[in-house]
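The values are calculated or read from the model by the stated rules, or taken from the named source; none is laboratory data. Note that this is a predicted model, so its numbers are computed, not measured. Counting neighbours? That spans all protein chains shown, and the Cβs are built from the backbone with ideal geometry, glycine included. Note: accessible area is taken over every heavy atom of the protein model, side chains too, but ligands, DNA and RNA are not part of it. Shrake-Rupley method; radii C 1.70, N 1.55, O 1.52, S 1.80 Å.
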Amino acid sequence: GVQTCALPIFNTATNAIAAFGQAGLQKLGYAVNPQLQLLFEGIGFREYQMTFTFTPYSQQETEQVRKIIQMFRQNAAPRIVTEAAGMFFVPPSSFTLDFLFNGTVNPYINKVAESVITSVDVNYAPNGYTAHDDGSPVQIQMTLQFKEIQLIDKAKIQQGY
C-alpha cells in the first residue's frame, strides 16, 4: 500500500526557524508559552527622524542649503554598478550620529547606533511658498528618516542607546 506522511508547511522561513527552535527547546525539557510567542516574535531595527528648517538670507546661504540637501539625498541612495555579470547595487552610506553639548557627548540624549537614511523629504514651502527676488525659497524644511542597522537590546540600552 501507499504510505503518506504529513509534513508541516511553513509560510515563511521565520516560521520554519521558530518551529526548529521549539523542537530544540522541547528536547531540552522547556515548553514554549504560546501566548508569549504571539506577543513577541523578535525585535526590529529602531527608526527615528530628524527635521531641519533652513531660512537662507542670501544667495550664498541658499546655495549652501542646496548642497546640504544634495549631500543627504546622494548618501541615502544606492549606487548602481553595471558589469558583464549583470547589475548590482552598492548599499547607501551609513551614518554614526553623536549629540554633543559643549563639545562632548550629551548624556541626556539617548545614543543611536550606526544608521542609514531611508528617506529624504524636502518641503520648499513649510509656511506657504514665498521666494526671494531670485526665486529661491525663503524657507526650506528637510526631514530625514533613519533606521539603525544594529539591533538594540537591554544591554545596549544600559549603555545609553
FRET efficiency, ASP133 to THR96 (Cβ-Cβ, R0 35 Å, nearest 0.05): 0.30
Here the range 146-155 yields Karplus 3J(HN,Hα) values (6.51, -1.76, 1.60; θ = phi - 60°; whole Hz; Gly and Pro given as x) of 10, 9, 5, 10, 10, 6, 9, 10, 4, 4
So if I restrict to the alpha-carbon atoms in the range 60-139, what is the Rg, and what is Dmax, the biggest pairwise distance, in Å? 17.9, 52
Want the number for ASP121 to GLN59: 0.36 nm per residue separation, take away the alpha-carbon distance, what's left? 20.1 nm
Solvent-accessible surface ranking, highest first, for TYR124, TYR129 at 1.4 angstrom: TYR129, TYR124
For ARG66 paired with ASN110, estimate the spin-label separation in nm (one decimal), with each label point 7 Å from Cα along the Cα-to-Cβ line. 3.8
Where does each of 64-72, 135-143 land if you order them by average Cβ count within 10 Å, highest first? 135-143, 64-72
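What ranking do 100-106, 89-95 get when scored by the average of other Cβ atoms within 10 Å per residue, highest first?
The packing order, highest mean first, is 89-95, 100-106.
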